[in-house]
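Notes follow the structure.
None of the figures in this text is laboratory data; all of them are computed from the coordinates on show. Values in this document were obtained by computation on a predicted structure and should not be read as measured data. Cβ placement follows ideal geometry from the backbone for every residue including glycine, while neighbour counts extend to all protein chains displayed.
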Amino acid sequence: MTHPMKFFLRVCLLAACTGLVGCQKSETTSAGTAGAKPLTIGVAFETLQTEYWVAGFEAIKADLKKRGHTMLEAVSDGDTNRQFDQVKNFITRKVDGIILVPKDAKTCLPIIKAANAANVPIVLFNRPADKSDAKSVAVVADNFALTRETVAYLVSEAKKAGRKHKAAILIGDLGDINAIGRRDGFDAAIKGSESVVEVVARIPTEWNQEKAQAGLVNALQASPDINFIFTSSDFLLPSIVSALKTAGKYHQIGMPGHVILGGFDGDATAYQLLKDGYLDATGVQDVYFEAAQCIQAVIDLRAGRTVPDLIRDPGFVIHQANLQQKAAQMWGAQMSKK
Amino acid sequence: MSDAATARSWRATAARVLFSDYFVLWLCVVYVAVVAPFTPGFLTLENAGNLLATLLPLFVVALGQTLVLITGGIDLSVTSIIGLCSITGALAMNDDTGWLARSPMAMPVGAGVMLAAGALVGGFNGTAITRFRMPPFIVTLASMMGVSGAAVWLTQSKTINRLPDAFNALGGKTTIALVIALVVGISVHVMLSRSMFGRWLYAVGHNARTARVSGVPVNGVILGAYICSGVLAAVAAILYTGQAETGSPVLGQRILLDVIGATVIGGTSLFGGRGKVLWTLFGVLFLKLVDNSLNLLSLSLFTLTIVKGVVILLAALLDSLRTRLGPADR
C-alpha cells in the first residue's frame, strides 16, 4: 500500500519538474523579446472604485496599446500591503517600468524603494509621494490652483446674485495630499470674499459616499440656509443631489432656491449635471494628458533622460458658459458617450 | 497484484490522502503543478521570498482566529485591532511627534504598546461574551466598528511614518519576520497539543456545558482565547506595519475574509472543537498561492476576485465533504 508521505513526495517531485518546465518556457520568451523595443509596464492602482480611476486606468491601457507596449495590471482594492506584494510581483516578472496609484503619500515609500532597489523606473499617477530619499516621478493635477480657480468662478456667480451665501465644503480623506490641496484651494478662493460667502459647514467624507450624504444631511438640518456647496470630488455628487432633494433644495440654475454647486474631477455625472443645468462648474483633471505623461516619463527614465520629479497637469474649469467648447476635452463627457 | 487489488490499493491511498492532516498541503502542491507552467516567475526564488513575506503576517493573525474558532466563537475584530495597534505603536515611536521619538527604547516599548492594545481589545471581547452572554459575532462586529472608528479618530485618518529602523526590520526583513512567526507558531502548537489550556479549548468547543460540568473554567478559557487572538493580531500588526514602514488606521482592513477563509480552508471548524496550527499554516499557504499566482498572471481585479472566490469555495466544499465522509475522531 502507498504511504501518504511517499505519495506526497512523488507529487512534490512532479510539481518541481513541471515548474522547471514552466520557468524554462518563460525564460525563452523573455530572451526572445530582449532585444525588441516594446516595453512591459506594470500598472498598479489602489482602487477602481470611482469613475476617475477607471478612466485613468483605461487611458493608460489604451495609450500603452497604441504605443505597442505590454501592460501588466494589478489593483490592490485599498490594501497597502497587497499593493506592495503586487509591485514585488511586477519586479519578479522583470517589468521595464511601473506606474503606480498609491493609497497615500506615505505608505508608498517602501514600494518606491523596492522599485529603486530593482532599478525599475516608477511613476506615480495623480498621487505624489511624501518627500524622502525614495526616487519617483509624479504626474498630478495642480489641485490647489484648479480648485481655487473653480471656487473663484462659483464666488463670482454668488456675487452676481447680490446676496450673502452660506457655504458647505465636502472634504476628502486628509491622508490624501490631493484632498488637502483641494481644501486649501477652496479656502484660498473664499479668503477675501467672506462678505459674499461664509463657510458654515466643513464635512469630512474620507472619500466615502455614505459619510458624505449623512454629513450633508446633518449640515442642511443644522444650517437650512446653505446655498453654496463645493465637493472635493465629483464622485460625491450623487450623494449631494440626494441630500438636496431630501431637503427640497434641488433646483436648476436660474430658478429660485438654486444652490450654487461646484466640484472637482470632471466625471460623467458632473457632465450630465452641467448639461441639465444643476451644476455650476467643475475643475477637470486632464486624464489623457496625465496618462500620456506617465508613460512618457517611464520611457524617458529607461532611456536615461532627465525627468522632473513633478509633472503638473494644468487642468481647466468647465462651466455653463464654456460647456460646448470644452466638453470634448472632458473625460467624463467622453465616458458618458460609451 | 491483480487489477482488483491495485484498485483497492489506490482507493485506500486516495482515502488516506483525503482524510489526512496534509490534505490542504497536497492541494497546494497540485495547484502549483497545474498553475506553474502558465505563470511566469511563479517558481523562482525571488517569488518564493515575496510569497513568504506576505504569508507570515496572515499566518500569525489566522492563528489567533484558529484559537477562537476552536472554542466555537469567531473574532471579526482582528482587522480593526491591526489598524488600532498599527496607529498606537506609530504614535508612540515615530521620529517626529512620538512620545519615544529617537529613544533607544522606542522599538521595544512601541511594540509592547501594540501588544497591550491588542490584549485590551481581546480582553474586552472575551469579557463581553462571557460576562454578558452576548453572541461572539455581535460583540466582535461591534468592536470591529468601534475600534476601527477609534483608530481613525486617533489620527484623523492620517498615516504616520518615520518609524525606527529597528521596528521596520521586524516586518520588513523576511528572516526576522520568519523567526517571529515560527516562535509564535511553535508556541501556539505546544499550547494546543501539550498544555491543559489547549485541552480545555477543545473541550469548550466540543461542548461547553459538558466541559463546565467536568470542571473546565469555561469563561476563563473563552476570555483567554480572545486575549490570545487580540495579542496575535497585534503581532501581525507589528509585521504589517514594519513592511509598510508606516502606521495606518486602515491597515489590514481588507483581509478579514482572507483570515477566516484561510483558517477554515485549513480545516478548522466554524462550529468549534477542531483546529490545528499546521492546518492553519496550510490554509494560509493555499490562499496565498492562489493570490500570488493570479497576481503574476496579471488578471484584472474583477477576474481575480471571481477566480479567487471560486477556488476558495471549491476548497471549502472539498473540506466539508471530507468532514462529512471522514472518520468521526478526525
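What to note about this one:
- The range A:269-323: trypsin sites (Lys or Arg not before Pro) in DSSP loop, at most 15 other beta carbons within 10 Å: A:Arg305
- For the listed residue pairs A:Lys191/B:Lys158; A:Lys160/A:Lys275; A:Lys326/B:Lys158; A:Lys65/B:Lys158; A:Lys166/A:Lys337, the alpha carbons are over 30 angstrom apart in A:Lys326/B:Lys158; A:Lys65/B:Lys158; A:Lys166/A:Lys337.
- Two-site FRET efficiency, B:Glu46 against B:Asp95, from Cβ-Cβ distance with R₀ of 22 Å, rounded to 0.05: 0.10
- Counting only Cα atoms, the range B:210-312 measures 55, 33, 21 Å along its principal axes, largest extent leading.
- Hz values of 3J(HN,Hα) by residue in the range A:212-223 - Karplus curve (6.51, -1.76, 1.60), Gly and Pro given as x: 5, 5, 4, x, 6, 4, 4, 5, 5, 6, 6, 10
- P(r) of the range A:172-262 over all Cα-Cα pairs, binned every 10 Å from zero, in whole percent: 16, 49, 32, 3
- Cβ neighbours within 10 Å from other chains - mean over B:49-59: 2
- Listed pairs B:Lys173/B:Lys288; A:Lys211/A:Lys249; A:Lys106/B:Lys288 exceeding 23 Å between Cα atoms: A:Lys106/B:Lys288
- The range B:43-119: C-alpha gyration tensor shape, a/c 1.5 cut-off, then a/b vs b/c: oblate
- Sites listed here are chymotrypsin sites (Phe, Trp or Tyr not before Pro) in the range B:247-325 whose DSSP assignment is loop and whose Cβ has at most 13 other Cβ atoms within 10 Å: B:Phe271.
- Loop-resident chymotrypsin sites (Phe, Trp or Tyr not before Pro) (DSSP state other than H, G, I, E or B) in the range B:61-151 with no more than 15 further Cβ atoms inside 10 Å of their Cβ: B:Trp99, B:Phe132.
- For B:Ser193, the shell of other residues with beta-carbons less than 15 Å away shows a net charge of +3, using +1 for Lys and Arg and -1 for Asp and Glu.
- For the residues B:Leu178, B:Leu120, B:Leu313, a GNM of chain B with alpha-carbon springs under 10 Å puts the largest fluctuation on B:Leu313.
- Between the range B:20-64 and the range B:133-201, the Cα center-to-center distance that results, in Å: 22 Å
- C-alpha long axis of helix B:277-296 to longest principal axis of chain B, angle in °: 80 degrees
- The rule of thumb for compact globular proteins, 2.2 N^0.38 Å, goes into the C-alpha radius of gyration of the range A:258-338 1.34 times.
- Springs between Cα atoms under 10 Å define the GNM used for chain A, and in it the highest mean-square fluctuation of A:Gln213, A:Gln324, A:Gln285 occurs at A:Gln324.
- Shielding by other protein chains, B:240-247, mean Cβ within 10 Å: 5
- Set of aspartates and glutamates with alpha-carbon distance to B:Lys276 below 13 Å, sequence-local pairs under 8 removed: B:Asp21
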